[in-house]
1. If you check 502, 559, which single one turns out to be closer than 27 Å to residue 345 by Cα, touching a strand residue (DSSP E or B) at 6+ places or on another chain (Cβ under 9 Å) and either within 13 Å of ligand 2 (Cβ to nearest atom) or touching a residue at least 12 places away in the same chain (Cβ under 8 Å) (or both)?
2. Tell me whether the stretch 510-522 contains one or more residues that are buried (at least 18 other Cβ atoms within 10 Å of the Cβ) and part of a loop (DSSP other than H, G, I, E, B).
3. Taking residue 536 as the residue in question, decide whether it is without any contact (Cβ under 8 Å) to a residue 12 or more places away in the chain and either assigned to a strand (DSSP E or B) or away from ligand 2 (no atom under 16 Å from the Cβ) (or both).
4. Please find, within the stretch 452-471, the residue that is farthest from residue 542 (Cα to Cα) out of those that are of a type in the set (Gly, Ala, Ser) and modelled with pLDDT of 90 or more.
5. If you take the residues of the stretch 105-123 that are of a type in the set (A, V, I, L, M, F, W, C) and in contact with a Phe, Trp or Tyr (Cβ under 8 Å, 6 or more places away or on another chain), which of them is farthest from residue 80 (Cα to Cα)?
6. Taking residue 501 as meeting all but one of (1) among the charged types (D, E, K, R); (2) assigned to a helix (DSSP H, G or I); (3) away from ligand 1 (no atom under 11 Å from the Cβ); (4) farther than 14 Å from residue 587 by Cα, write down the number of the exception.
7. Can you list the helices (runs of 4 or more DSSP H) lying wholly within the stretch 80-183 that have 1 or more residues being in contact with a strand residue (DSSP E or B) (Cβ under 9 Å, 6 or more places away or on another chain) and exposed (fewer than 13 other Cβ atoms within 10 Å of the Cβ)?
8. Filter the stretch 558-573 down to the residues that are more than 15 Å from residue 605 (Cβ to Cβ) and more than 6 Å from ligand 1 (Cβ to nearest atom), then identify the one that is surrounded by the most Cβ atoms within 10 Å (Cβ to Cβ).
Amino acid sequence: MASPPDPAPSASAPTALGADFHHLLEHLDDGILFLDRQWRIVYANRAARRISRMEPGFLNGATHWELYPTTVGTEQERIYRRSMDERVSIEHEFYYPPFDVWIQLRTFPIPTGIAVHYRDVSQLKQANTRREASARQLQQVFDVTSDAIMLLDREYRVTFLNRRGAELLSRSGEIVGRNLFQVFPGIVYKNSPYVATYGQAMEKGLGGYFEAYYPDPLNLWFAVEAHPTDDGIIVFFRDISHERAAAEELERKTSQAQAQAAEIETVYRTAPIGLALFEPKEFRYVRLNDRQAAFFGLTPEQVVGRTLTEMAPIPGLQELFEQVCAGTPVINYPLEGELISHPGEHRYWTVNYSPVQAPDGTVQAISAASLEITAQKKAEKALIQSEKLAAVGRLASSISHEINNPLESVTNLLYLIAAEDHLPPEVRTYVELTQAEIARVSQIATQTLRFHRQASLPTRVSARQLVDPVLKLHQARLTNCGIRVVTTFVSKHSVLCLENEIRQVLNNLIGNAIDAMRTGGRLSIRSHDAHHPRTAAAGVRLTVADDGHGMSSETKARIFEPFFTTKDLNGTGLGLWISTEIVQRHAGTLTVRSSQHPICHGTVFSLFLPLGEGAEEI
Ligand code: ADP
Ligand code: MG
């Protein structure tokens, strides 16, 4: 800065001073002023003249107070006067409004008065003020930022912590001035990026980032960024506990959702009903479960891509799907027909078809759930059939009852005719033949009546009482086929049962045995005391054995199914199915052994019946 023109070049120095000293004072940057005891300015060097804006007449003229009236009554005046009176040196700094300057001065008592040494410190002041202002601003910025900020010196001592930082770390106590690793010794100290990141920032001047859990007393997750500075590290850190918790929650939910999806997938795959998804244009299989594929005897992969009608050419099905495509679901619809995979096999289903709609309402797929009810349908029919049979039985029973009375009359009348002495021998032969035939008719009627008499209460019967009437019923066929019957009744007990139902079982077993021995053989029926194989209840076991053609294992596996028969039109396939039901109701068992061995072939059915309450020996 160029110095202003010298306002008082002729100012004279005190006479006591030599020329050299005068010269020196003139060239000082600081102002030097001498005041005499009457407060007149007796000397002012060049700098003083400049700073105090002196004019030539200021020296040795008016008093300092007259020349600078605004200083009167100020601290400056008080100091000057004290210095003058008490002969002491005093320092003072003050603002001088008329010149808008900051002055720093020091007084010295001298023999003639006082000397004042002073300088204009305005610029210094301004710089300081600016520095303070910007430091304040920085502090304010640091305090309002949501990041926590910490400064570390080269010894990892915390030199600064902003407001947010202080909040977050409040539970760790006062940490400014302490070594960071002493404040947080426990945290993830080893095997963590914590120490390494700080070390790198300090030693290598590289910024770094890490996330770490700060345990008790903080219990917080922090995301920490460390950057090197000229004299240490600046650390920005953020509480990410919530984010962490949210991320963990998300992870937990995701794995839960995955588990659920797996469960649903398993249920879907193994559900006992057929499930499938079709695309809505050509009705091709997009997805289907095992059961649905099993309807066709295929795997799901073999069915995907094929069309509905290709797999199930069932009349009306296509139309049903079109209806679903138009947005109307089909619920519990009975469907029946044949599948291409099993021609000739009539099957039944209950189906539900629903449109799968996209958010905009368009049908993006059709979902189908099909429950096969073929077995139930057949069972239903069988029940109807067996009810019919029961009705026929009742009918037969009432007819035979009605026939019995006239039969008795006819028998009596024939007896009377036969008792006539004068009968020609020829006629007698005819009468005797008629008597024999009528006896047979009478027997059949009695048997039928007995067989079908509906006993509503269980009765106690012996094995022989159960078997004999049935054998009589089959007598004609047994004779015709040349079958020898051997009965051995060893059991000593009677069983409590609905005898007609058990006879129905025996009737079928014996009928089946005869069917298997068309060209003759041996039918062996035995009874002996036994115990239930599982409950060990006492009972009687009846075996019906034939040496007929026997069964293959495939046949044997299916004989108790309704409608399973190997006899075409001559069989109903209901006999054994109904029998198992009857036997179960009696808490008994019905088992079978069979062999097709060329030499020893045949079948043995074994019927176990518990004795029931009040058992007694015969
Ligand atoms: P159906 O006699 O009307 O065929 P069943 O239920 O009584 O019906 O018998 C089912 C099937 O079991 C028969 O068709 C036959 O194949 C087989 N079966 C039953 N008993 C015998 C037997 N004693 N010997 C050989 N096969 C038999
Ligand atoms: Mg049968």
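The values are calculated or read from the model by the stated rules, or taken from the named source; none is laboratory data. Keep in mind it's a predicted model, so treat the numbers as computed, not measured. Every residue, glycine as well, gets a Cβ built from its backbone with ideal geometry; the counts of neighbours run over all protein chains shown.
1. 559
2. There is at least one residue in the stretch 510-522 that is buried (at least 18 other Cβ atoms within 10 Å of the Cβ) and part of a loop (DSSP other than H, G, I, E, B).
3. For residue 536, the condition - without any contact (Cβ under 8 Å) to a residue 12 or more places away in the chain and either assigned to a strand (DSSP E or B) or away from ligand 2 (no atom under 16 Å from the Cβ) (or both) - is met.
4. 462
5. Ranking the candidates gives 121 first.
6. In the conditions (1) among the charged types (D, E, K, R); (2) assigned to a helix (DSSP H, G or I); (3) away from ligand 1 (no atom under 11 Å from the Cβ); (4) farther than 14 Å from residue 587 by Cα, residue 501 misses (4) alone.
7. Where helices (runs of 4 or more DSSP H) fall fully within the stretch 80-183 and carry at least 1 residues being in contact with a strand residue (DSSP E or B) (Cβ under 9 Å, 6 or more places away or on another chain) and exposed (fewer than 13 other Cβ atoms within 10 Å of the Cβ), they are 122-144, 163-168.
8. Taking the candidates together, the pick is 562.
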